[in-house]
Amino acid sequence: MLHEFAVPKFLWAEAVNTACHVVNRACIRSKLKKTPFELWVGRTPNIFYFRVFGSKCFVLDKSPKITKFDAKSLTGIFVGYSNTSKAYRVYLPTSRVVIESINVKFNENANEKTEEGNSIVDIQDGATTQEIEFQSKDELSPVILEELLNRDDDNLIGGENHEENTIDTTQDETPHDETHPIPQPVHEPPEVLREVSSHPLSNVIGDPRESVRTRSGLNQMIGHCAFVSQLEPKSFKEANVDPNWIVAMQEELNQFKRNQVWELKQARLVAQGFKQQEGIDFEETFAPVARLESIRMLLAYAANKGFTLFQMDVKSAFLNGWIDEEVYVQQPPDFVDHFNPDHVFKFHKALYGLKQAPRAWYGRLCTFLLDNGFTRSKMDTTLFTKKRDDHLLLVQIYVDDIIFGSTNATLAQEFSSLMSSEFEMSMMGELNFFLGLQIKQLQDSIFISQIKYAKELIKKFGVEDSKSLDTPMGKSANIDADEKGKPMDITLYRGIIGSLLYLTASRPGYTDADFAGDRMDRKSTSETCQFLGGSLVSWSSRKQTSVALSTAEAEYVAAGSCCTQLLWMMQTFRDYELKFQKVPILCDNTSAILISKNPVLHSRTKHIEIRHHFIRDHVEKGDVELVHIDTKEQIVDIFTKPLPTQQHVELRFKLGMLELKD
């Protein structure tokens with residue numbers, strides 16, 4: 001069936017289905033004298049709709065973009081019958097798809113093979129069949145060749161038609177029902193042909209501003225036109241309906257593939273979410289994502305317990321989330337359904353680009369995990385835990401990226417299998433790269449770095465040739481606003497600041513507080529950092545909202561800021577089965593420590609805002625405790641003061657910043 005009309009081999013499945021369809025309705029069982037269809041259904045099958053497999057056919061084009069002068073049908077190849085309707089299945093070579101339609105016209109004789117030989121067969125009804133013998137090119141005399149080459153040229157440039165150069169064919173006309181042998185082609189004698197010589201250009205009368213058209217120039221023009229298409233397409237859409245252009249484009253793509261010019265990446269259909277209206281197309285859009293502090297806390301816990309973290313990715317995650325609103329989307333251009341061109345898509349699930357897509361996906365994943373025995377953290381809603389005996393499985397979610405690990409390797413393997421049974425997953429093995437962080441897991445420790453990201457920033461902002469320094473600031477440096485300086489590009493400045501802020505995701509931050517550090521408004525900066533088992537997991541650096549009147553007040557406000565972060569971490573670690581009491585906050589200011597322990601009001605403390613005194617309550621409850629540390633042992637001096645190189649290196653080492661070597 002495939003070879004009869006040279007049907008492409010990849011349509012072999014269509015040929016098999018068509019063969020089964022025909023055999024079940026046309027082949028009679030010798031013993032029962034009935035077809036399989038009749039034995040199964042109980043009635044004689046109708047076979048008048050059968051068509052020749054592989055025959056040429058024409059399908060009605062329902063596209064709304066066709067004009068009055070365009071073809072109303074699409075040329076295709078008949079490949080079978082529909083299993084659900086009375087439609088025919090047709091393969092369209094131009095778009096390389098198989099469609100079903102009942103509006104099909106067939107030309108089953110268009111693909112018939114003719115016998116080899118130099119003969120033409122007239123298949124019209126009532127016409128006589130005669131054979132015409134042609135002379136080969138080598139048998140034509142030079143005179144005939146010259147006539148064929150020069151006769152049209154003379155007519156085009158104004159040559160006269162002579163009666164002796166024409167053949168009167170009226171005498172050969174015969175009635176349609178009579179047959180006569182076709183005479184051999186008549187060769188005119190050489191003497192009747194008039195040799196037309198080239199005219200002198202000086203005899204040509206015409207517009208002197210225009211060039212004279214000669215025979216040789218005309219021959220070159222005709223020869224050029226013979227190898228140029230009559231109409232060059234102006235767009236891909238026009239070229240895509242021309243079989244010659246399709247072949248040419250495919251060959252060009254094959255060249256790219258052979259030379260490995262590119263690699264295929266996943267494409268996504270994205271909705272135009274910016275056109276959605278709140279209350280009509282969407283309601284709630286918030287979806288939680290993991291904080292970087294949560295990721296570092298998980299890494300510190302894994303390093304302390306000595307288990308390995310793994311990573312997996314959910315393929316097309318947003319397409320798994322169910323939505324409650326009615327959302328309609330137009331069909332993508334050039335991918336319109338031929339049978340329903342005027343229809344639109346009504347979504348049951350989320351699509352990339354919809355405002356509620358992240359929330360829908362989080363809801364689907366959260367429901368699935370809770371139904372399978374997981375517990376969601378109350379403080380960090382992206383953290384899910386599952387306990388079995390004395391072992392704990394931890395799962396951290398960041399949209400479609402999932403980090404998980406357990407003190408029991410069996411629990412981690414079971415979770416991987418559980419996710420693969422519900423969603424299409426991409427297993428990425430051990431955690432080594434996440435959110436721009438390069439993670440190195442060793443037997444007894446975990447290192448975080450951003451080497452790749454830092455190098456990209458250096459290249460992006462063009463500072464490859466800049467000189468490196470041992471310390472971020474000179475010891476005697478005083479930074480003030482340059483009132484006479486040239487304004488910097490605000491877009492570039494914000495880009496640099498944003499990039500540097502993200503770069504701090506893998507390095508220790510700030511702690512303690514300076515006093516009136518900002519030389520413009522004299523406000524202090526609260527700088528805090530928190531450790532877990534010797535690993536720095538959280539830090540912050542924020543300018544205080546009010547001007548501190550003393551170093552004690554600045555330190556007291558900074559201690560309160562540190563306490564808020566510690567309370568969040570303590571409650572989160574309860575999901576890790578960890579409990580803390582009297583977490584020490586190291587401070588080198590004795591006055592600030594006394595203010596936190598003694599609720600006294602005097603001239604130097606009565607003006608402090610009430611919200612900064614909440615640390616007293618937690619000191620009384622025993623949640624935290626301010627502990628004095630010698631100024632020489634205060635690591636945070638590296639963030640608040642310009643230091644000599646040696647002291648800077650020592651404090652950097654105490655913060656846990658090491659050089660990772662292969």
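Below are the figures for this structure:
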{"quantity": "For the stretch 273-449, the Rg and Dmax computed from alpha carbons only, in angstrom", "calculated": "19.1, 63"}
{"quantity": "In nm, spacing of pseudo-spin labels at H3 and L658 (7 Å Cα→C-beta vector)", "calculated": "7.1"}
{"quantity": "Rg/Rg_ref, the stretch 9-107, where Rg_ref = 2.2 N^0.38 Å and atoms are Cα", "calculated": "1.28"}
{"quantity": "For F573, F639, F236, order by how many other beta-carbon atoms lie within 10 Å, fewest first", "calculated": "F236, F573, F639"}
{"quantity": "Karplus-derived HN-Hα couplings along the stretch 649-657 (A = 6.51, B = -1.76, C = 1.60, θ = phi - 60°), whole Hz, x at Gly and Pro", "calculated": "5, 5, 5, 4, 5, 5, 6, x, 8"}
{"quantity": "Integer Hz, Karplus 6.51/-1.76/1.60 couplings in order for the stretch 306-319, x for Gly and Pro", "calculated": "x, 10, 8, 9, 10, 9, 9, 10, 8, 6, 6, 4, 5, 6"}
{"quantity": "Per-pair calculated FRET efficiency, R0 = 35 Å: V344 and E283 via Cβ, rounded to 0.05", "calculated": "0.95"}
{"quantity": "Estimated distance in nm for a label pair at V247 and R51, the labels positioned 7 Å out from Cα along Cα-to-Cβ", "calculated": "2.5"}
{"quantity": "Net length gained if the chain between S426 and I102 were fully extended (0.36 nm per residue, minus Cα distance)", "calculated": "112.4 nm"}
{"quantity": "Out-of-range pairs (alpha-carbon distance over 23 Å; input K65/K257; K265/K460; K68/K237; K275/K315; K355/K455; K68/K234)", "calculated": "K65/K257; K265/K460; K275/K315; K355/K455"}
{"quantity": "Mean Cβ count within 10 Å, highest first, over the residues of peptides 648-657, 250-259, 291-300", "calculated": "291-300, 648-657, 250-259"}
{"quantity": "Calculated FRET efficiency for the pair H613/R574, C-beta based, R₀ 22 Å, to 0.05", "calculated": "0.25"}
{"quantity": "In nm, spacing of pseudo-spin labels at S85 and T471 (7 Å Cα→C-beta vector)", "calculated": "8.0"}
{"quantity": "Protection proxy ranking, peptides 69-77, 402-410, average beta carbon neighbours within 10 Å, highest first", "calculated": "402-410, 69-77"}
{"quantity": "Order by protection proxy (mean Cβ within 10 Å, highest first), peptides 357-367, 41-51", "calculated": "357-367, 41-51"}
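Where a number appears in this text, it was derived from the coordinates with a stated rule and is not lab data. What you see is a predicted model, and the numbers here were worked out from it, not measured in a lab. Glycine gets a Cβ as well: all are built from the backbone with ideal geometry, and neighbour counts include every protein chain shown.
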